[in-house]
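Quick notes on the structure that follows.
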Number of protein chains: 2
Amino acid sequence: MSTPAIPMVEIRRGPLAESLHSGHAVICDATGAIVEAWGDPGAVVLPRSSVKMIQALPLIASGAARAHGLGGTQLALACASHEGAPLHVDAVNAWLADLGLGEDDLRCGPQPSRDKALKMAMIRAYEPPCQVHNNCSGKHTGFLTLARHLGAGPEYIDPDHPVQQAVREVTEEVTGAPTQGFGIDGCSAPNFATTMQGTARAMAFFAAAGGQGGALVEAATQLTGAMIAHPEYVAGEGRACTLLMRAAREPLALKTGAEGFFTAILPDRGLGVALKIADGATRASECAIAAILVRLGVLDPAHPDVQRFLNPPLRNRRGIVCGEIRPTPALLGN
Amino acid sequence: MSTPAIPMVEIRRGPLAESLHSGHAVICDATGAIVEAWGDPGAVVLPRSSVKMIQALPLIASGAARAHGLGGTQLALACASHEGAPLHVDAVNAWLADLGLGEDDLRCGPQPSRDKALKMAMIRAYEPPCQVHNNCSGKHTGFLTLARHLGAGPEYIDPDHPVQQAVREVTEEVTGAPTQGFGIDGCSAPNFATTMQGTARAMAFFAAAGGQGGALVEAATQLTGAMIAHPEYVAGEGRACTLLMRAAREPLALKTGAEGFFTAILPDRGLGVALKIADGATRASECAIAAILVRLGVLDPAHPDVQRFLNPPLRNRRGIVCGEIRPTPALLGN
């Protein structure tokens, strides 16, 4: 990376800045022009789950979603890193059943639910987590729907499978550049490498899509609309994506990704945002994306659900406040 | 921090360096002279649980440990961030009972056990975690023992309490400099700020203590010996401190701390090590301390328990290896 990551988030404890998180961020319009940037827009990154809406484009553009009568909550789930709450698990199970498929057809691997009540109930029932609880099970059920529509085989996560080739093609189209290899994600699907600027440009493509203009534009419009209409399906109660989308002063589609990634789609402005915390910390990416959206005026810094990510207190095991997480002045633009 | 943190640990996924952790590290002798350093030796830090052996010095130097007949496992527990396994819980409960005290007298707050079998059993029994399960309960029982010996009050975690004043005094003595304020730790005790160099010097004081020479030297010798003799009490099965102490080619006392800290005491060389990952990540501090100890020849890089921290594979939810954690060449000195 030619330009170093810049300090974005401080961990304060008592009088000290105990830890520091640096990162890269880019705001683009749909032409790929940079509106604002921190760090290196050319940094090659794996945007992980922050680009699930790109991975869902072929599901709609191919006609698979229409042929299977998918609704808004299913499209939101296809873009989701859900917490495996009953809401999500029930919807994915119903979707799989509609396809005549079951949990065994997923290839995302099992993950314990992050819904505390469900997680505790499953432990008490000696019930192991299954693949439907995986935060990516909606994306994978979307992949299965597309594979069915294409008449392709069951190993839909193979990089050479028609589903993943379709994902690669749309990724290159909306980022405006060839992908730069891929990594295998936590859910076993390939995650295509691109630049920070390419990721932001892709988000701006979604932001500017606005309904008409071909299959991809229509698909992007539907996915953005589904995320904004169903924030509880995109993540879950108490999660950053869900709460910050709800708290926003204007339409906002927001998506976290592993290793400190975030993307944001701002339809009213035709802008896209990409953020990567260089060390991969989610506590920092949540703070930094909130700060960037506050700076843009999309979020109100006084809103309690914004505060809880923008500037949360650090409480210890007795509940005593012993520090805070806060964005750096450089990020806020103060 | 005048000198920036230097890249120490890479997170690789597929063909990419997905994330990067930077940090500071210092190796000192007991005079405080720097043998080797990465980043800024003058950086002011909170060494967190990595200095529990300093916090335990007054327990011995005051005569409290001898008066209460404490044994090696209790001294190891006083320096421990244990995982709350039955081994640790039983020992702390017995120690509290010896004092005529109970769990309510602790001030560390409750923390779920990190021993998986015990954690699951407690969830299934609807048994909430208590303060004895807190990783710091041994340190706190040491504080209670000292408070009893000093005839001081029950709020032993107050920064003005004689126990914490004693900790501050010995911290200044072994680091060779005034403390620079304090933060309140996760367990509610004050954690005194010092420099990277001061922390490494303190560890070298322990390393060089060697038995004779006054109350603090004797206390340091006993604590180092207890940690090395009882590595399973310092952390727990599967934990970095326990496994790396056991794997070492020579006597090694090793101690992790929150927010990416590690200290190491090398008695055969009279050297002390302090490490801080700037962003606070434990996955990086475990890799980086292993790398430094490999570089010194203390650890064999081919040992399986060294490999698991030095260069672990990243497996996804289906168990597929999709990347690795590895130290940078700059840290290994290649």
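Need one value: the accessible area of A:S49 in square angstrom, 1.4 angstrom probe, rounded to the nearest 10.
10
Quick check for me: using +1 on Lys/Arg Cβ and -1 on Asp/Glu Cβ, what's the dipole size of segment B:6-332 about its Cα centre, in debye to the nearest 20?
980
Partner chain Cβ atoms within 10 Å, averaged over the residues of B:178-185 - can you pull that number for me? Before the final figure, lay out each step's value.
Numbers: counts 0, 0, 2, 3, 4, 9, 9, 5.
For this peptide, the per-residue mean of nearby foreign Cβ atoms is 4.
Starting from the residue with the highest accessible area, list B:K255, B:K119 in decreasing order, probe 1.4 Å. Before the final figure, lay out each step's value.
Details: B:K255 0, B:K119 75 Å².
The most accessible residue leads, giving B:K119, B:K255.
Which residues of segment A:1-41 bury at least 20 Å² of accessible area once all protein chains are present, versus their chain alone (1.4 Å probe)?
Those residues are A:R13, A:P15, A:L16, A:E18, A:S19, A:L20.
Can you give the accessible area buried between chains A and B, summed over both chains, with a 1.4 Å probe, in Å² to the nearest 100?
The contact between B and A buries close to 3500 Å².
Find how many whole Å separate the alpha carbon centroid of segment A:96-164 from the alpha carbon centroid of segment B:1-56.
41
Which one, A:A94, A:P58, A:I27, projects farthest toward the positive side of the charge dipole computed for chain A from Cβ point charges (K/R +1, D/E -1)?
A:I27
Considering the dipole of segment B:182-334 built from charges on the beta carbon (Lys and Arg +1, Asp and Glu -1) around the Cα centre, which of B:T263, B:A281, B:Q212 is farthest to its positive end?
Farthest along the dipole direction, towards plus: B:A281.
Using Cα pairs closer than 8 Å and at least 6 residues apart in sequence, work out the relative contact order for segment B:6-332, in percent.
25
What pairs from A:K116/B:K52; A:K276/B:K139; A:K255/B:K255; B:K52/B:K119 go past 31 Å between their alpha carbons?
Check vs 31 Å cut-off fails for A:K116/B:K52; A:K276/B:K139; A:K255/B:K255.
Out of the GluC sites (Glu not before Pro) in segment A:70-166, which ones are loop residues according to DSSP with at most 13 other C-beta atoms within 10 Å?
A:E155
Convert each backbone phi in segment B:237-249 into a coupling constant with the Karplus relation 6.51 cos²θ - 1.76 cosθ + 1.60 (shift: θ = phi - 60°), then list the ³J(HN,Hα) values in order as whole Hz, x for Gly and Pro.
Computed from phi, the couplings for segment B:237-249 are 4, x, 8, 4, 4, 4, 5, 6, 4, 5, 7, 5, 7 Hz.
What are the ³J(HN,Hα) couplings of segment B:148-157, residue after residue, when phi is run through the Karplus curve with 6.51, -1.76, 1.60 and θ = phi - 60°? Round to Hz, x for glycine and proline.
Karplus values, whole Hz, x for Gly and Pro: 4, 4, 7, x, 9, x, x, 8, 5, 9.
Grab the DSSP H runs of chain A that are 4 residues or longer, score each as -39,500 (n - 2.57), total them, divide by all residues and round the 222 nm result to the nearest 500 deg cm²/dmol.
It comes out at -11500 deg cm²/dmol, rounded to the nearest 500.
In whole Hz and in residue order, list the ³J(HN,Hα) couplings for segment B:45-61 that follow from phi through the Karplus curve 6.51 cos²θ - 1.76 cosθ + 1.60, θ = phi - 60°; x for Gly and Pro.
For segment B:45-61, the Karplus-derived couplings read 9, 9, x, 6, 5, 5, 10, 4, 5, 5, 5, 8, 4, x, 4, 8, 4 Hz, x marking Gly and Pro.
Using a label point 7 angstrom from Cα along Cα-to-C-beta, what distances in nm, from shortest up, separate A:A94 from the other copies?
Sorted ascending, the copy-to-copy spacings read 5.7 nm.
Quick check: net charge around A:I54, other residues with Cβ under 12 Å of its Cβ, Lys/Arg +1 and Asp/Glu -1?
Surrounding charge for A:I54 is +3.
Only Lys, Arg, Asp and Glu count, each charged at its Cβ (+1, +1, -1, -1), so figure out the dipole size of the protein assembly as shown about its Cα centre, rounded to 20 debye.
120
List the residues of segment A:303-328 whose accessible area drops by at least 10 Å² when all protein chains are present, compared with their chain alone, using a 1.4 Å probe and counting only protein heavy atoms.
The answer is A:N316, A:R317, A:R318, A:I320, A:C322 - residues whose exposure falls by at least 10 Å² when every protein chain is included.
Name the shape class, rounded, prolate or oblate, that the alpha-carbon gyration tensor gives for segment A:6-332, where a ≥ b ≥ c are the square roots of its eigenvalues, rounded holds for a/c under 1.5, and otherwise prolate holds if a/b is larger than b/c and oblate otherwise. Each step should come with its number before you reach the end.
Working: a/c = 1.77, a/b = 1.23, b/c = 1.43.
Because a/c hits 1.5 or more and a/b fails to exceed b/c, segment A:6-332 counts as oblate.
Keeping all protein chains in position, work out how much accessible area A:L99 exposes to a 1.4 Å probe, and write it in Å² to the nearest 10.
Rounded to the nearest 10, that gives 10 Å².
What's the carbon and sulfur percent of segment A:1-109's accessible surface, probe 1.4 angstrom, rounded to a whole number?
Roughly 53 percent of what the probe reaches on segment A:1-109 is carbon or sulfur.
Go through chain B and flag any cysteine with no other cysteine's C-beta closer than 4.7 Å, please.
B:C28, B:C79, B:C130, B:C241, B:C287, B:C322
How much net charge surrounds B:D158 when only other residues with a Cβ under 15 Å from its Cβ are counted (Lys, Arg +1; Asp, Glu -1)?
On the way: positive: A:R318, B:R107, B:R168; negative: B:D105, B:E155, B:D160, B:D185.
Around B:D158, the charge tally is -1.
Taking only protein heavy atoms and a 1.4 Å probe, what accessible area per residue, in Å², does the protein assembly as shown have with all protein chains in place? Spell out each step's value before the answer.
Details: 22830 Å² over 668 residues.
Per residue, the protein assembly as shown has 34 Å² of solvent-accessible surface.
Which distances, shortest first and in nm, link B:P159 to the matching position in the other copies, using label points set 7 Å out along Cα to C-beta?
5.4
Sorted from shortest, what are the nm distances separating the label point of B:P4 from equivalent points in the other copies, each placed 7 Å from Cα along Cα to C-beta?
Its label point is 0.2 nm from the equivalent points in the other copies.
The values are calculated or read from the model by the stated rules, or taken from the named source; none is laboratory data. Computed from a predicted structure; not experimentally measured. Every residue, glycine among them, receives a Cβ derived from its backbone with ideal geometry; neighbour counts consider all protein chains shown. Accessible surface is based on the protein model in full, side chains and every heavy atom, while ligands, DNA and RNA are left aside. Shrake-Rupley method; radii C 1.70, N 1.55, O 1.52, S 1.80 Å.
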